[in-house]
Each structure stands twice: as C-alpha cells, then as structure tokens.
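What follows draws every value from the coordinates through simple rules; no lab data is involved. Source: prediction; values computed, not measured. For neighbour counting, all protein chains shown are included, and Cβ atoms are generated from backbone atoms with ideal geometry for every residue, glycine included.
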Amino acid sequence: QLKSLESGGGLVQAGGSLRLSCAASERTFGRYAAGWFRQAPGREREFVAALTWNGNSVLNADSVKGRFTITRDNGKDTLYLQMNSLKPEDTAVYYCAASDFFGTTPEGYEFWGQGTQVTVSS
C-alpha cells in the first residue's frame, strides 16, 4: 500500500510562493503517474496538476497555468508543487495522489496523501 506525506503548506500573502512536497513511502512511487488536487471548504475536490511516471507529460488546470509547476524526483520518491503568484482563491487543502491512471479526475487515482493546508491572505 503506497502511502505519502505532504508538507510545505502554510499561510502566505497574495503574490507570495510556497513549495509543496509529497514524500512516498515506497520505492514503487516512480512507476506511477502522480498529481495534485485541492479542496476548499464546501467545494468538491478539484484537479490542479499531474505528470506521468517519467515526467514527460504534464497536465495543468487552467486556473494555475503559468503560476504552478509540478515536478518529481523519483530517486527521492518525492513529488513537488511550486506555487507562485498565489491568490486568495488558491486557499484549500492540497492533496497528492498517485496511480497507474494519468488524468484529471480524482476518481482515477488510487493512492492519496493526508493533505496540507494552504491559506492565501489578501
């Protein structure tokens, strides 16, 4: 059972940056596609970004294009999300996920982290 632990969330002012990390518990992480999702209070979980096991293909939500960058280091079994030019509407709990599936729908992902809170103040 692949498990992961997110870190790097926190409180930041609008326009600021944060870098989220997701450390996987298994060396098999490098075999999976991986992605980031977020969920704000009262809203459904939404797709943020995803990439294939080798990072050759990347998907980004329109709302984060040009501001967020997803990367991975399979040697460290870790997924990253660099978030720049943060906006108050980016406030949410951010989750990492992994699966054989590569896409934007959360139902396609098998393994999930516990989430990390990101709060952007105006």
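Report the rotationally averaged projected area of the chain based on its alpha-carbon convex hull, in square nanometres. Could you put the intermediate results ahead of the total?
Values: hull surface 26.7 nm².
It is 6.7 nm².
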Under the Karplus curve 6.51 cos²θ - 1.76 cosθ + 1.60, θ = phi - 60°, whole-Hz ³J(HN,Hα) for segment 47-52, x wherever Gly or Pro sits
6, 10, 6, 8, 8, 6
Calculate one ³J(HN,Hα) per residue across segment 58-65 by plugging θ = phi - 60° into the Karplus curve 6.51 cos²θ - 1.76 cosθ + 1.60, and present them in order as whole Hz with x for glycine and proline.
10, 10, 9, 5, 4, 5, 10, 4
Identify all aspartates and glutamates with a Cα-Cα distance to residue 3 below 20 Å; exclude those on the same chain that are fewer than 8 residues away in sequence.
26, 73, 77, 100, 107, 110
In nm, to one decimal, how far is the modelled label at residue 59 from the one at residue 26, with both set 7 Å along Cα→Cβ?
2.2 nm
Give me a comma-separated list of calculated 3J(HN,Hα) values for segment 76-81, in order, Karplus coefficients 6.51, -1.76, 1.60 applied at θ = phi - 60°, integers in Hz, x for any Gly or Pro.
10, 6, 9, 10, 10, 9
